[in-house]
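Input: a single structure, listed below in structure tokens.
Where a number appears in this text, it was derived from the coordinates with a stated rule and is not lab data. What you are looking at is a predicted structure, and each value in this text was computed from that prediction instead of being measured. Cβ placement follows ideal geometry from the backbone for every residue including glycine, while neighbour counts extend to all protein chains displayed.
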Amino acid sequence: METPVITTTGLTKIYRSAQSRGREVTALDGVDLHVREGEVFGVVGQSGAGKSSLIRCVNLLERPTAGTVTVDGQDLTALAGRGRRAGKELRRARSSIGMVFQHFNLLSSRTVRDNVELPLEILGVAGQERTRRALELLDLVGLADKAKAYPAQLSGGQKQRVGIARALAGNPKVLLSDEATSALDPETTRSILQLLRDLNRQLGLTVLLITHEMEVVKTICDSAALMRKGRIVESGTVGELLATPGSQLAQELFPVGGTASGPGRTVLDVTFLGAAATQPVISQLARTYNIDISILGAAMDTVGGRQIGRMRIELPGAYEDNVVPIGFLREQGLQAEIVDDADTGADAAATVPAQSPAPVKEDAK
Amino acid sequence: MTWSEMQPLLSQGTIDTLYMVLWSALVTLAGGLPLGILLVLTDKGGLLQNAVVNKAVGAIVNIGRSLPFMILLIALIPFTTLIVGTFIGPTAMIVPLAIGAIPFFARLVETAIREVDHGLVEAVQAMGGSIPTIVRKVLLPQALPSLVSAVTTTVIVLIGYSAMAGAVGGEGLGSKAVTYGFQRFENGFMIATVVVLIAIVTVVQLLGDGVVRLLARRGRTAT
């Protein structure tokens, strides 16, 4: 997890529409991205934030207007040359970057096995070896019995498994996932994410995925970045993000709400990470300092096998009265963040638009 | 005119018609398919985007399509003579028939190829596929059912054209119908010609539909 396997520097993409001259849309505005080897990196953002342009620039399906893309030590932007067409070198580089798509993009005229063989045909692998490898990959994604079926006969989840098998055919180091689970139901989404996680662990595959679903980040990502208006506004490992005061990603991953019940009270956002999450900290706090604690909102979940939670609590008295209890929480290895009165109301609601003021999110179950 | 008099005329006419249609269809396929593909590839946003080539090919195709076949047939007489050595007879007719049908077929090919989901092209690009690979392994196989329909339609159009060609020195059922049915008022023969033509067109259409259905069975939706 040290060396970056995907790096973009100053990546910029400006779309110019031919009809109305001068009208430009900046999809990417100087994006610097570093994806380390062997990690699952999620880029989240609303539609129109530039996620799709970003992932498509990584294998140069989209030519960046400016900036560079380096994948596995190779500067792809240098390989691309000037023309619109992809030269031989760029095509070779692409064949070692797997990609899966939201709408699967399988050829309906080919069987499942032949779909997986397609990238091998492009690589010039001989017939028998191709078949052997395709069957092996189908076995890996759990579809060995569907080799002779046509895509139209498969369910969405099965189609995406074929898509993943196909993406792995060229033994890529990197897998790009363009909203791979967005067309699937929640249960299928989980099984596909589990598969991606397994592949990431078994094959040491680095995965860069874009999604608009926080759930995806929560389930499999080691690191995440938040995109807004073509820029990356936050980026880091999930742990780092949760530990960053005021992190929007942390807030969206673990949305907690609730406002102070009255004046003269201190509202705190407490983040539990790893071992601290299992400690009975709140009751210790209450007993040690003999204070009444109200829980305004909480969210708990397992991220990357680690128990992580956030909680918004209210202590009686102003901040000055609570310096000692807050110090106690921090001593226990928790992130404790004071929520300003202004934040608790309008601002919190603004940053998390989907959130209802209900004190306990369903994640807390 | 008795049946025994009609029969040899009809069978010779049918053979000549099929000969003209078959060969001109092959030439049309060879000429129209690349043109149709070129129209899609060079179009705006296409893999080989090239406004000049696209406009030029488009213009040629449009000119070819806007000329009535009868006019084209006569206008092409010097060209046909140059290639075949004569402008009379079924072999000579292959030239104007093919030239008349190529623009028509090219447009049908263009429409068929355009229907292929762009996501598939993108997927193969992401695998490192070159443009010839994309054409061979994605565009043509995915468009195959529509392409077969296009061939069927084109062959039927060619059967119609071939009857016109009969009036201007070609052979075949058209020429026989003009000579006997029109000029000698042999109504019986005229009806026989019509029946044979209907039979040929029906068989071609059924054959084409059969192939399309066979291809479609493999899997309909391209998601």
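Only helices enter the 222 nm calculation for the protein assembly as shown: every DSSP H run of n ≥ 4 contributes -39,500 (n - 2.57), and dividing by all residues gives -15500 deg cm²/dmol, rounded to 500. Take every pair of alpha-carbon atoms less than 8 Å apart whose residues are at least six positions apart; their mean separation over the length of chain A yields a relative contact order of 17 percent. Once the Cα atoms of helix A:186-203 and of chain A are each reduced to a long axis, what angle between those two axes, in degrees from 0 to 90 to the nearest 10, is obtained? Helix A:186-203 sits roughly 70 degrees off the main axis of chain A. Please determine, in degrees from 0 to 90 and to the nearest 10, the orientation of helix B:51-66 with respect to the longest principal axis defined by the Cα atoms of chain B, where the helix direction is its Cα long axis. Tilt of helix B:51-66: around 20 degrees. The mean number of partner chain beta-carbon atoms within 10 angstrom of a residue's beta-carbon across peptide A:99-107 is 6. By DSSP, the beta bridges lying fully in chain A are antiparallel in about 70 percent of cases. Can you tell which of B:GLY58, B:GLY13, B:GLY46 shows the greatest fluctuation in a Gaussian network model of chain B with Cα springs below 10 Å? Top of the fluctuation ranking is B:GLY46.
Which one of B:GLY160, B:PRO132, B:THR14 has its Cα pushed farthest toward the positive end of the charge dipole of the stretch B:3-216, where Lys and Arg give +1 and Asp and Glu give -1 at the Cβ? Most positive-ward Cα: B:PRO132.
With a Förster radius of 56 Å applied to the beta-carbon distance between B:ASN187 and A:SER17, the computed FRET efficiency rounds to 0.30. What do you get for the angle between helix B:90-114 and the principal long axis of chain B? Use alpha-carbon atoms, 0 to 90 degrees, nearest ten. Roughly 30 degrees, rounded to the nearest 10.
Given +1 at the Cβ of Lys and Arg, -1 at the Cβ of Asp and Glu and no other charges, the dipole of the stretch B:94-223 around its Cα centre is 240 debye to the nearest 20.
Considering every alpha-carbon pair of chain B, the percent of pairs per 10 Å bin, from zero through the bin containing the longest distance, is 8, 28, 29, 21, 10, 3, 1.
Sparse packing (at most 11 other Cβ atoms within 10 Å of the Cβ) combined with a DSSP loop state is found for the following trypsin sites (Lys or Arg not before Pro) in the stretch B:26-66: B:LYS44. Measuring between their Cα centroids, the stretch B:23-67 and the stretch B:148-176 lie 23 Å from each other. Ranked by the mean number of other Cβ atoms within 10 Å of their residues, highest first, the peptides A:160-171, B:174-185, A:225-236 come out as A:160-171, A:225-236, B:174-185.
In this Cβ point-charge picture (+1 for Lys and Arg, -1 for Asp and Glu), the protein assembly as shown has a dipole of about 2120 debye about its Cα centre. Each of A:LEU120, A:GLN153, A:MET99 was scored by the projection of its Cα onto the charge dipole of the stretch A:86-168, and the greatest displacement toward the positive side belongs to A:MET99; charges sit on the C-beta of Lys, Arg, Asp and Glu.
Within 10 Å of the Cβ of each residue in B:127-136, the mean number of Cβ atoms contributed by other protein chains is 5.
When the protein assembly as shown is described by a simple charge dipole with +1 on each Lys and Arg Cβ and -1 on each Asp and Glu Cβ, the residue from B:VAL84, B:SER4, A:LEU137 located farthest towards its positive end is B:SER4. Sparsely packed loop sites in the stretch A:12-114 (the trypsin sites (Lys or Arg not before Pro) outside DSSP H, G, I, E and B with at most 15 other Cβ atoms within 10 Å) comprise A:ARG21, A:ARG23, A:ARG82, A:ARG84, A:ARG85. Relative contact order of the stretch A:271-332, taken over Cα pairs closer than 8 Å and 6 or more residues apart, is 38 percent. Shape verdict for the protein assembly as shown, please, from the Cα gyration tensor: rounded (a/c under 1.5), prolate (a/b greater than b/c) or oblate. Note, shape of the protein assembly as shown comes out prolate.
To the nearest Å, what is the center-to-center distance of the stretch A:125-139 and the stretch A:245-262, using C-alpha atoms only? A separation of 50 Å, based on Cα centres. Summary of the geometry: the stretch A:184-198 and the stretch A:211-235, compared by the centres of their Cα atoms, lie 17 Å apart.
The value of relative contact order for the stretch A:40-137, using C-alpha pairs under 8 Å at least six residues apart, is 13 percent.
Please give the average number of partner chain Cβ atoms lying within 10 Å of the Cβ of each residue in A:333-340, rounded to a whole number. List each step's numbers first, then the result.
Working: counts 0, 0, 0, 0, 0, 0, 0, 0.
What the average comes to for A:333-340 is 0.
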